[in-house]
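Participant: Would you mind keeping the following structure in view while I ask a few things?
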Amino acid sequence: MRWPIKTQRLVAERQRPRGLADTSVLIELDRLEADGLPKEMAIAAVTMAELAAGPHATADPLERARRQERLQRAEVTFDPLPFDAEAARAYGLIYAAVAARGRKARGRRAIDLLIAATALANQLPLYTCNPSDFDGLDGLIDVVTVHAVAPKR
C-alpha cells in the first residue's frame, strides 16, 4: 500500500473543505481520485477501531500484513476524533433517522452510523466509497462519494 506524496500534494493544492473519511476511504486511499478528497481529512476513533480489528479478521498472512501496514500508516497520520458525549447525542439523531426510514440501525451497520454520528457532532461532511451505508441521513450530514481511479493498464 502506498499513500503517494503526489496524491497528498494534489489534495493540498485544492481548496477543499475539511471532511471526515470513513473506513472505506482509508482502505482504498491509494486508488482514489485526489480531487475528490477534502484538503483536511480527519478520521473517527471508530474508524481506527475498525482498522485495528482488520489484521485479526483474516487468515491470509499477506492480507494481514497489508492491513497491519494500513493501521500503522493511519496511526502516524491521523489524530482520530473521539466518540464523545456530543457524538453520543448525535448518534441518537442518526439512529432515529435510519429507523424512521425502516432501516436497521444495529449490527454491522451500527459502526457506520457511529462514524456518521462523529461527523455530525463535528459538523463535517462524511467522505465514503460506500454512500449506501449512509442512506437515510439526508438533512443530517452531507455524504460525499469518493470514486476510485480506474487501474492503469
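Participant: Could you grab me the full set of residues in the stretch 16-60 that are among the aliphatic types (A, V, I, L, M) and farther than 24 Å from Ala87 by Cα?
Facilitator: Selection gives Leu29, Leu32, Ala34, Ala57, Ala59.
Participant: For Glu50, only one of the following conditions fails: (1) outside any helix (DSSP H, G or I); (2) within 17 Å of Ser24 (Cα to Cα). What is its number?
Facilitator: (1)
Participant: Residue by residue through the stretch 13-55, note down the ones that are open to solvent by less than 50 Å² (accessible area, probe 1.4 Å) and of a type in the set (Val, Ile, Thr).
Facilitator: Thr23, Val25, Ile43, Val46, Thr47, listed by residue number.
The values are calculated or read from the model by the stated rules, or taken from the named source; none is laboratory data. As the structure is a computational prediction, the values presented were derived from the model and not from experiment. SASA here: full protein model, heavy atoms, side chains in, ligands and nucleic acids out. Shrake-Rupley method; radii C 1.70, N 1.55, O 1.52, S 1.80 Å.
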